[in-house]
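Let me begin by presenting the structure, written as structure tokens, before commenting on it.
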Amino acid sequence: MKKAPENKKLSPEELLQMQRLYEDVVRRHARLIRYVCAGRSGGDEELCKDLIQEVSVGLWLHLDSYRSGRLEGAWVYWRARKVLNDFFRHRLPEHERLSREIADTVAEETCEGREQLEDIMAHLAPDERRLLELRLEETGVEEMAARLQCSTSAVYKRLRHVMEKAHEINEKLNKR
């Protein structure tokens with residue numbers, strides 16, 4: 001399908017044809033789209049829904065590059081991955097903000113003082129303790145990744161795990 005020139009609007013028939021093609025492609029590849037988005041959402045159903053919507057918009061916006069044939073699934077997969085990479089690249093500052101909020105929550109609200117934080121830290125593995133210490137020092141995720149010699153996505157996953165574990169330990173300590 002040809003892309004409409006910038007100065008030419010699509011006729012109603014061309015628009016209807018594009019809409020049908022889009023709906024057909026999305027319908028045929030809905031499972032693939034869901035699979036790719038679920039893999040990137042980390043189990044967060046709301047994020048997965050948002051990602052599916054982002055991919056759907058991306059498919060519509062780039063429908064002019066679609067070529068029907070046997071590689072249709074590859075085109076959908078490639079386009080979905082491109083949209084998701086762009087989505088997460090622009091979202092990194094938000095992840096940074098959220099991880100700082102989590103660290104603040106653990107440090108201030110969950111822990112009733114430095115002694116309780118030290119009790120929680122004593123129950124963590126050495127690498128988990130180091131990660132939490134870096135976070136509490138307000139070290140940036142990219143710097144943490146460099147120090148720990150891992151990717152930023154690994155840092156986010158490890159932080160989430162450590163924060164969950166710290167909350168569990170705190171709950172156990174409070175029950176005593």
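The values are calculated or read from the model by the stated rules, or taken from the named source; none is laboratory data. Because the structure is predicted, anything quoted here is derived from the model rather than measured. In this analysis, Cβ positions are derived from the backbone assuming ideal geometry, glycine residues included, and neighbour counts consider all displayed protein chains.
Structure data summary
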read-out	value
Some residue of region 25-43 being surrounded by 11 or more Cβ atoms within 10 Å (Cβ to Cβ), modelled with pLDDT under 75 and over 23 Å from Thr152 (Cα atoms)	no
Candidate set: region 128-172, residues that are in contact (Cβ under 8 Å) with a residue 40 or more places away in the chain and farther than 24 Å from Gly43 by Cα; chosen: the one surrounded by the most Cβ atoms within 10 Å (Cβ to Cβ)	Asn170
Of the criteria (1) assigned to a helix (DSSP H, G or I); (2) at pLDDT below 90, which one Leu10 fails	(1)
The lone exception for Ser56 - which of (1) among the small types (Gly, Ala, Ser); (2) part of a loop (DSSP other than H, G, I, E, B); (3) closer than 25 Å to Glu14 by Cβ it fails	(2)
Filtered residues of region 131-159 (kept if among the basic types (Lys, Arg) and at pLDDT 85 or above)	Arg147, Lys157, Arg158
Flag if Val36 is within 18 Å of Met18 (Cβ to Cβ) and part of a helix (DSSP H, G or I)	no
Some residue of region 22-32 being under 30 Å from His161 (Cβ atoms) and either part of a helix (DSSP H, G or I) or in contact with a strand residue (DSSP E or B) (Cβ under 9 Å, 6 or more places away or on another chain) (or both)	yes
Pairs with Cβ under 9 Å, 6+ apart, first in region 67-89 and acidic (Asp, Glu), second assigned to a helix (DSSP H, G or I)	Glu72/Val25; Glu72/Arg28; Asp86/Glu54; Asp86/Gly58
